[in-house]
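First up is the structure itself, then whatever we jot down about it.
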Amino acid sequence: MSKLWLVGDGMELRDAILGRRSVRKYKSDPVPKEVLEEIMDLAVWAPSGMNRQNWFFVVVAGDLRDRVVEICYQGYLSYIGRKVEKVFSHKPHVVRETRSFFATLGGAPVVIFAYAEPGPESIFTDVQNVSAVIQNILLLAHERGLGTCWMTGPLNMEEEFNKLLGVDGKKLVALITVGYSDEVPKVPPRRGKKVVYRGFPEDGES
Ligand SMILES: Cc1cc2nc3c(=O)[nH]c(=O)nc-3n(C[C@H](O)[C@H](O)[C@H](O)COP(=O)(O)O)c2cc1C
């Protein structure tokens with residue numbers, strides 16, 4: 001972990017933000033556990049409401065990861081598939097690609113489960129705390145040459161995942177697939193004007 005503390009040791013932040021993409025096709029190369037440990041050690045330096053740091057992560061590889069993929073596909077067939085088919089009825093290729101991704105998780109050798117430990121604050125705060133770490137994971141993984149995909153689609157299978165992983169009393173927030181990318185994903189353009197500024201001197205409102 002110590003070498004990751006060196007300033008200037010990694011990618012420029014803006015390059016990481018701009019270059020990260022959701023990856024849905026992975027090489028079968030395993031991801032070294034030490035790399036994952038470095039990413040997770042840094043990622044948890046995220047802010048959290050009341051500094052509760054109420055996140056919990058399970059990093060899964062090997063045979064257990066194969067079971068995760070099976071459960072994801074069960075989830076697709078029993079629930080999310082119907083939603084996807086409805087929303088994208090005019091785009092059959094999206095339905096095909098989504099089904100295929102849920103059936104294989106793109107061959108990702110690692111899946112990270114992101115949980116919130118419930119507490120006195122609202123679920124909104126809990127989810128934001130975990131999400132801050134998730135975004136760190138995505139950027140740090142990208143810096144290390146890894147692809148990721150943040151997924152909430154399989155959350156309807158929470159009970160099955162918890163049983164498999166031996167997790168109890170926590171809220172599953174997301175799954176993150178991790179591996180070396182085997183595709184060059186399209187860059188989705190930013191949509192419309194989503195930020196406005198008020199009260200700056202240039203606006204004549206000092
Ligand atoms: C909260 C959240 C949930 C997501 N869930 C899924 C998912 O279930 N399956 C999937 O393929 N992508 C999922 N994504 C990835 C988005 O589809 C992706 O971020 C978006 O299309 C923009 O592409 P980019 O990440 O390459 O910029 C999710 C992203 C977020 C932030």
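Here, each number is a calculation from the coordinates, and none is a lab measurement. As the structure is a computational prediction, the values presented were derived from the model and not from experiment. Ideal geometry is used to build each Cβ from the backbone, glycine not excepted, and the neighbour counts take in all protein chains shown.
For the reader, a short list of remarks on this structure follows.
- On a per residue basis, the convex hull of the C-alpha atoms belonging to region 31-125 measures out at 137 Å³.
- Calculated FRET value between R96 and D66, using beta carbons and R₀ = 25 Å, to 0.05: 0.65
- For region 80-203, pairs of C-alpha atoms spaced more than 24 angstrom apart make up 45 percent of the total.
- Electrostatic dipole magnitude of the chain [Cβ: Lys, Arg +1; Asp, Glu -1; Cα centre; debye, to 20]: 940
- Restriction of the GluC sites (Glu not before Pro) in region 147-193 to DSSP coil positions whose beta-carbon has at most 15 other beta-carbons within 10 angstrom yields E183.
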